[in-house]
Structures are given as structure tokens and as C-alpha cells.
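Before any comments, here is the structure.
Read-outs: derived from the displayed coordinates by stated rules, not from any lab. Remember, predicted model here, so these are calculated numbers, not experimental data. Here the Cβ positions follow ideal geometry from the backbone for every residue, glycine too, while neighbour counts run over all protein chains shown.
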Amino acid sequence: MRVDSADAGWRLNLPGDAGQTLRCWDQRGHRWRTLYDNQLRPTEVHEQGALEGQRRLECLRYGDSSPAAAAHNLCGALTRHDDSAGSLFISGYGLCGKPLGQVRRFLVDDASPHWPADEKDRDGLLEPGNGYATNWRYDALATLIQQSDAAGHQQRYAFDIAGQLKSVSLQIKGTGPEKTVVSDLVYNASGQVESQTAGNGVISRAVYDPANGRLISLNASVSGSTLQDLRYRYDAVGNVTQMEDKAQPVQFGSNQRVDATSTFNYDSLYQLITATGREAAGQTGNPSLPALGRVPFDARQLFKFTEHYEYDAGGNLIELRHVRDRNHYTRRYNLSATSNRLLSWNTGDSTPAVAVAFDDNGNQQGLGPGQELEWNSRNQLAKVTLVRREGGPDDNERYCYDSNGLRVRKIQTTRAAAVTHTRDVRYLPGLEVHSRHNERLEVITVQAGRCSVRYLHWTEGRPAGIATNPFRYSLDDHLGSSTMELDNEGRLISQENYLPYGGTAWAASRSAVEADYRTIRYSGKERDASGLYYYGHRYYAPWLQRWISPDPAGAIDGLNLYCMVGNNPLRYTDPNGHDKEDVNLKQEIAVYPNILSAINNRVSTLNYQLYNSMRTKDITKRVFQAYAYNAFKNLASLGAGALAAPAGLVGSWTAMSGTAVGIDTLAGKVDATRHLPASVYPQVSRLDPEEIEHEGRTAFYDLNAKSRKAIKDLDPRNTTGQKKLSLMMTSFILTKVLRIPGAWIANFEASTQATKTSNGIPGQKIQRLDNALLELDKHLEHDAKAIDTAFDTLGVEEFYTHGAKGLLDRTLDRMSNATGTASARTVRRTEIQQQIRVTRANIQHGRELLFRLNQYNQSRGRYAIV
């Protein structure tokens, strides 16, 4: 199969009889060949460049059937994988198929290897020593409960009865008792974290809209002092229109009022076109790392700014206008006429344009003058030239990747005063190992709820001015961007705010030494010395506001393979560089079946009412059943009360209460014989789309919303509340003051509705009902397209919901081996679309019944629509 792309070039795949990939070719002239064993497990991957010989790039080994392999569940499982970064050894698997331990050994040379056929010869290419060993422990449901990283530090995870994370603790090797990193996580009904307590005492709270699950506010405080108080506003479709940090004071300077409020406007495609905010003097949005101020930051150095964005028809940014007092600039982007590749960009008319070149696969070849980019055969960034020197060695940064395409090593080489400095970073599960001249640092990374924690553990060469083994707690915004770093006492270490597309608006730190160890910034991603953000499968250039290589996953996120999150960076994130993700989108999809159910129930009720309005005997039957039901309940309750009276006040109340339950059960059996709904006269108000949507969302999100809805319905300030309060007052006077049995009132209501139905439904009401059904059908037609768009945005056909329900569904599917099958408890596109079709057919049936009812009225000489 051949895939052609104007952005990424062409790629040709040759599959085998079982669908396995045998050979691949791409436009750069690279070719690959994959070998399999007799069980169709890949054993070797060979690669050949355009002007190179063939080399063995990957080797895979599997466990045999020996008792030793069986003791560690290794029979037939992957035990060794040699890739472009080194070798990965897996020591055993748990009962649920997850690895219990692994050892990563790196290559001596960071260049891509040509692996020998013999394993002993392969070992000779690896660094000496035992490598980096990581071990895991799981519970019976395959949930991670403990991780021991390659340095011997341990992370422990505790869960509540619903299987949701409750706390995380960290035990540093060779130190005292373990330290609680985060605890007291509290979740709402949809699994969103509402509050948590960090190990430094900072309490974070989040408030969500019960109607749609959108984040309304983020608050963080310690010892009564508010550190962060973010407030969000959205438009009707979920785009962020305003973000405000009420914890930041309003400042006045340079004839401006500068507050911590940002606003955002969008075009009809929901692309960001205008943004306002505040920034520090001297920020230009260039590739270099931001200039740092001092903590606390002098807010008098902040200025209000406005940015305007203009896009072409393909979603490419073609112009950015930055407007600010004493800092105006316009950046223009020149795009190719035949693809979405960037040809050049320049800031203002006085600066020369920066030319941009691409290879045949669409990989950008440079960031600017003297900053070349080199790519490996798999279109992964292999090297960035930071400083080009004529007649001397360059400063550069090199990267190594594992077989999954994830970065596992970064090597930076710089020269100063004829001395070469090398910084080596190795990325392991839960651990980063940093080493440079006379310094070795282990960074333990922990992510729990909204808490991102990094523990800096120096084993050699701790720099002066940094506390011994400090914790760094990050306070993030709704995108996961690190806006504040706090120490173990809750004191501010550093602070950073961002432009909409990830550039730095302003930054501050209490010391330059501590700032040097801050790497996690926008969207929770690492920013390299080149200014690029590493997202997992791609690199992002915030000053260009686009990716520097096409999407390796293809067009799952749109036809423009360089576009960043659909040009809507306030709503979407991109966790791994493949496709954008709306944090609320899955919840919006998951709630929709409840809305469909509410529509179906109400339309089905209407259809039955319409059907029986043309059958007089059914109306009489309904009235008789209502009389029998209410009278039976009333007489039985009176008898129970009389029998229970001698028991005294407490006993009488208990007896009457218990008897009432029994009477309801018996009466329910009598009433269960009826097939008509409680109301025999149709009501147009029950077809209101907003009311139906509220009912569906309430059933999914928030049980307390029902109480709030009831209170709202009894509000005397609106017509609905006045009517209901009037009926309640009338009922109270009749039953409590005049002592009229409650059954008479219920029967009177049933008789009134039956009389109205017997007299016929007026033509005007028929027309209003038909209009309401037509409006519902239009909503469903729109929703069907919106559901398809939402699933396309996610890039999946099914998913598990968030929270306790999703966790339970996953667990039950694993226990019943239903994961990945048609019986899995997932939210599926096909099922929702089928439910929409059924509901629309039900609505069409209702409109047909209205047409027949109108003809029925005409035949009987009643009022009808002419």
C-alpha cells in the first residue's frame, strides 16, 4: 500500500498474508525489511539508507518453554530487545501481562548501531556494567502499586475502594522514612480531581461545571496564603474566552492598568485570532530561552499586549501581529504553494527573512542561520547544531530513541575557552540521570492528579546555592503548563507565564542557579537548549507556532500535518505529538447516550399519549386505574394509621412509615397493570431540548443537580415556580385544612386530563407538538455530525470513560477477557450513531401520529389543521 502526502512525502508498505509488514520504502530512499519467526513474531529489522549498506537495526528475542522461563512468565514473551539506543532486558511478567522488571543498557557510542547476529557480540557494543534496572509491583487488577527506579528510589501508590489514586509516597534510597508527595485526593462523580494536598502542605482545589465537566477554577493555597486562583470562562462550544488569576495583584504603571486577565477570540473554525494578556519588557518570542527576572517579580515591568493571528485556508499561520507599548512587531510566514511546508519567516520589514528547507519526508532542516537539524532514518530528530563555528567544533545536542520512538538519551556538547563540556541525560521510568563535569544528579519524577513533583538528588557535585536534595512542586494551569515551582516549605522557586502558543510572556526565579535546573515548562513538556519542546514523537517550535516535522501518525489530526492543535491552543493539548486532545471532549461524548435516553423516553411517552388519545376506551381505562390506585393507597394508609395509633407517637410513626412502604408496593402491583403514562395529556414543554439535555447531563454528572433543579422549579420569581407553588398550596389547604383525602385530588387531576384528552387535542397544540419534534430532529441531525467530528478529533472509535465508572469498566473487561472485543464496556461511535438513528425514527413516528391525529379530528368534525 502506498500513501502519498504533500507534507510527508510518499511511503510504500508491503504486507504479508497475515497483514504483517514485510518491507517499507520512503521518499528519502530508505528501505526496511522485517523478519519473523514461525509464530509471526518479529525477530529482526533491517534498514538500508539511500547511499548506505544494509544494517541490522533491531533484534528481538523471546522466552523458551524451560522451567526457568515459566517461573517468570517468560514463555513466548519478549525478553530482549536491541534497538537504536542500546538493549532492553525484561526479567519477568505478571499474571496480567505487564513487565515486573527491566534493565536498560546503553550503547557506548550514540550513533545508530549495526547489531551483530551473535548476542555476545552485541553485548560488546554496550556500556560495561549491569545497566539501569527498574522494577514494578501490581495488585490483582494489574494496577501499579510500587515502582523501584534504576537508582533504588521507591514510589508507592495507594488507592481508595473505588480504585482511584489516593496518595503517593517516595522513599529515597539510603535516607530516613518515606515522604508523602501527594495525599487526600478527592474526586467528583466523573473522576475529576477536586482537591489534593501536596507534600509541602499546598492544598489545590478545582471546581467544575456540573452541566458539562468543564474546569471553572483552580486554586492553590498554603497556610492561608493563596498562591494561585485561576478562573476560566468558555463560549458555548467549550473554547476558553477568558482566563484570570485572582491571586495576582492589579498593577498600575506606564499609564496602564495591568491585571492578570487574558482574553481570547476565535473565528468560525474555532481558530484563535486574537489574544490579550501581559508580558515583561524585552520578551521578543525568539527561539532562545527566556530572560529571567527575580522572585518576587516586579509587576511594574509588566505590560498589556494584544496578539492578532491570521491563517490561510489550510490552517497555516501566515501573520502574527504583536501590539504592546514600546514593543510592536509583525511576523510573517511564507508557505509553499504546493504543501503546508514553511519556506521562510521574518519579523518586521527591516530584518532579513529566515529561509527554511525540508527534506523529502517533510522534516525541517534548520531553525535559523547556523542551526542545522539532522534527522535519522525514522524521521526522528537526531542532532541540533546550537552554534556553528568556522574552522572549529560546533556546539550541538544529540538524541537517542528506543524502539517505540521515545527519547531515552540526550547529549549536549559545548566548547568554551578550548575546553569541551558534555552534559548527558538518560531518561528512565520515573527517573532522569544527569551527568556532566564533576556533577551527577538523579531527578525523580512523580505525577499524581494535578501534582507534578521533581526531586533533585545529587550523588556528586551539588552546586552551591541549592538546598540539599530539594523537592520541586509544580503548580499547573488547565493545559498542564508549569506556572509556579515551590520548594518543600511551599516557598516560591520560580514562576513563568506563557503566550497562547507556548512562548514565554515573563519568567522569574529566586536564583539563576536554581533556574538552570528547571526544564519542564509549557504544556508540561521539556524545553531543550534549542528552544524546541519535546512532545514524545515530535518537536514543537513555539516561535513558529507549528511542528518542525509532519505528523508520524498521518492525517488523524487533519490534513495539515504541521498544524499545532488545530490552531486552538487554549482548548486542546497534544500529549504525545500525534493528535490534539480536548480534556473535556471524552466526557462530552460519554454523557450523550444519557441525553439520547432522555429524548427517547419523552418522545415514547408522547407517542403513547397520541396513540391513546384516539382510543376512548383507553382513556376511560386510565382514569379507572388512577382512581383505583389512589383510593387503594389512601384507604390502606388510613387503616394502617388507625391500627398503629395505640402504639404511641414513636411507634405510630414507625408503623405508619413501614406500612406506607408496603402499601406503595401493593398499590404498585395494581398500578403496574396500566400501560398508559402517568399523564394522558401531552405537554409541549416536555420536548424542550434544553430541559432534556439538562436531564441527561444531570443523570451523568451530578446527583445534586436534581435537587438544584427542584429548587429552581419552585422559585417564585419565575412562572413555573409560581404555578407549582400555587398547586402545592392548594393541595395543602385541601388535604391538611379541609381534610379532603389526597386520593380525591389525584383523581381530580387524572379526571381533568382525561376530560381534556376526550375533548380532543386542538389543532394549534398539534402544530406546536410537531414543531417541537421537528426541532428535536434538527438537534439530533446536528449532533450526529458533531459526534463524528468529536471521534475524529480523538482519533479513536471507542474509549473508556474517566473516573470510577471507567475504571470499573476496564476492570470488569479484563476479568471477563472482553477488552478489545465487541462486548467491551466502552463508549463507541457506532453505538451512539445507531442510538441517534433509532431516536430520530421514534421522532418521525411521533410526527406520523400527529398527522393521523389531525385526520382523526377532521373525521369527527373537531378542530384540526387545515
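By how many nm would the segment from residue 27 to residue 421 lengthen if fully extended, with 0.36 nm per residue of separation less the alpha-carbon distance? Write out the running numbers ahead of the final one.
Values: separation 394, 0.36 × 394 = 141.84 nm, distance 3.73 nm.
So the extension gain works out to 138.1 nm.
Note down the relative contact order for the range 330-375 as a percent, whole number, built from C-alpha pairs under 8 angstrom at least six residues apart. Don't skip to the answer; put the middle values down first.
Working: 66 pairs, mean separation 10.7, N = 46.
Relative contact order, the range 330-375: 23 percent.
At what distance in nm do the modelled label points of residue 14 and residue 768 sit from each other, each positioned 7 Å from its Cα along Cα→Cβ?
Distance between the two pseudo-spin positions: 7.3 nm.
Express in whole angstrom the spacing between the alpha-carbon centres of the range 468-525 and the range 1-33.
42 Å
Amide H of residue 584: which non-local residues (sequence gap of 5 or more, or other chain) have their own amide H closer than 5 Å, using H built in the peptide plane?
Distant-sequence amide H within range of residue 584: zero hits.
Give the relative contact order (percent, whole number) for the range 84-152; include only Cα pairs under 8 Å separated by 6+ residues. Don't skip to the end; give the middle numbers.
Numbers: 104 pairs, mean separation 19.4, N = 69.
Contact order relative to length: 28 percent.
Residue 840: net charge of surrounding residues, Cβ under 11 Å, Lys/Arg +1, Asp/Glu -1, itself excluded?
Working: positive: 778, 837, 847; negative: 777, 781, 783.
Around residue 840, the surrounding residues sum to 0.
Can you give the FRET efficiency for residue 413 and residue 860, using 1/(1 + (r/R0)^6), R0 = 60 Å, r = Cβ-Cβ distance, to the nearest 0.05?
Numbers: r = 94 Å, r/R0 = 1.57.
E(calc), rounded to 0.05, equals 0.05.
Only loop residues by DSSP count here, and only those with at most 12 other Cβ atoms within 10 Å; note down the chymotrypsin sites (Phe, Trp or Tyr not before Pro) in the range 186-284 that meet that.
Working: sites: 187, 208, 232, 234, 252, 264, 266, 270; in loops: 270.
Loop-located and lightly packed - none at all.
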